[in-house]
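The next block holds one structure in the form of structure tokens; read it before the comments.
Nothing in this text is a laboratory measurement; each read-out follows from the coordinates by a stated rule. Just so it is clear, the model here is predicted, and its values are computed rather than measured. Note: ideal-geometry Cβ built from the backbone for every residue, glycine included; neighbour counts use all protein chains shown.
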Amino acid sequence: MPLSLIHLEHSLSSSHDEERTVRYAKSAYEDFDEECNMDVIRDLCAMHEWRACRAASRNLGFVPTMGYLHDGHMALCRAAKNACEQVVVSIFVNPTQFGPNEDLDRYPRDEKGDLAKLRTVGVDAVFLPRVEALYPPGCDTRVHTGAAGRILCGARRPGHFDGVATIVTKFFHIIQPTHAFFGLKDYQQYCIIKKIVSDLNMKVEIVGVPTVREQDGLAMSSRNAYLSDEERRCAHIIPESLEKARVSWDKGERDVRTIEALVRRHLEKEKRATIEYVSAVDGVTLGAPQPGHPVVVALALRIGTTRLIDNIVLRA
């Protein structure tokens with residue numbers, strides 16, 4: 001290995017309380033907090049080695065994020081901790097999922113704050129790779145998502161889900177998790193990742209975690225930080241509209257076009273909102289609703305310049 005190595009003596013709990021020594025690439029080792037046992041890793045080789053040292057673990061949970069963490073991300077981490085022996089969180093603002101005129105450069109970032117939050121939930125490692133490491137010159141291979149990536153948000157953000165699929169596939173290859181945790185606020189992304197895992201015969205279980213919401217019902221999102229105070233007050237129209245769909249469904253309405261129209265009419269009451277789409281789709285395939293499957297009412301809109309998405313799952 002071309003990198004110089006140092007030995008970090010780090011007690012790892014095992015069934016026999018034995019001590020083992022874990023080796024890291026010196027240039028990649030960023031930090032180790034003895035109190036919470038959290039490693040911060042930036043180098044691909046070091047991440048591979050970290051995983052190899054845990055080959056005996058029955059399960060390894062993975063939570064991919066773009067940082068600027070909030071309580072929704074913390075819920076993903078807690079779900080992973082509850083289900084898995086070890087948990088890795090990635091922080092990486094992935095350039096391939098942003099379009100030419102989107103918010104890549106201004107996407108909110110707070111690495112110091114993110115690491116502090118992750119220490120509180122006890123994750124085992126945080127992976128913060130450099131863009132150049134994951135997309136070196138000449139790297140033009142992409143994972144294409146097919147029809148599911150071209151509808152709903154994909155119709156408005158061409159190539160977005162190919163970028164998501166590519167980076168998630170890279171992370172699955174590097175980290176080799178047994179379980180990966182995704183928030184259901186991004187329901188289309190969740191379905192697409194499940195399909196990729198199935199289509200490509202990957203040995204990882206995709207776990208959906210319910211949306212975490214603010215007190216007024218707005219789904220937590222890193223992009224909520226873009227909203228002005230007035231825009232934030234306007235945004236409550238989103239959960240209100242989805243609640244209209246739920247009430248209608250619970251009263252027996254099953255015509256999805258009627259439910260879509262109901263949600264759209266309520267959203268149109270907010271003059272600052274520009275609706276991109278309201279669509280009721282099959283909760284498994286994202287196509288036309290099928291008997292016995294849940295129906296997902298998904299929407300996207302802009303309040304000012306901020307694009308927000310949300311959904312509600314209506315059980316069959």
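A helix-only calculation puts the chain at -9500 deg cm²/dmol for mean residue ellipticity at 222 nm, using -39500 (n - 2.57) for each DSSP H run of at least four residues, averaged over all residues.
The modelled label-to-label distance for the pair residue 255/residue 56, using points 7 Å beyond Cα in the direction of Cβ, is 6.4 nm. Between the beta carbons of residue 205 and residue 116, assuming R0 = 25 Å, the FRET efficiency works out to 0.30 to the nearest 0.05.
Relative to the longest principal axis of the Cα atoms of the chain, the long axis of helix 256-267 lies at roughly 90 degrees. With distances taken between every two different alpha-carbon atoms, the range 27-209 has a Kirkwood hydrodynamic radius of 16.8 Å.
Determine the shape class of the range 102-228: with a ≥ b ≥ c the square roots of the Cα gyration tensor eigenvalues, call it rounded for a/c under 1.5, and otherwise prolate if a/b is greater than b/c, oblate otherwise. Here the range 102-228 falls in the rounded category. Pairs spanning more than 29 Å between alpha-carbon atoms, out of 81/195; 112/203; 81/244; 81/170; 117/185: 112/203; 81/244.
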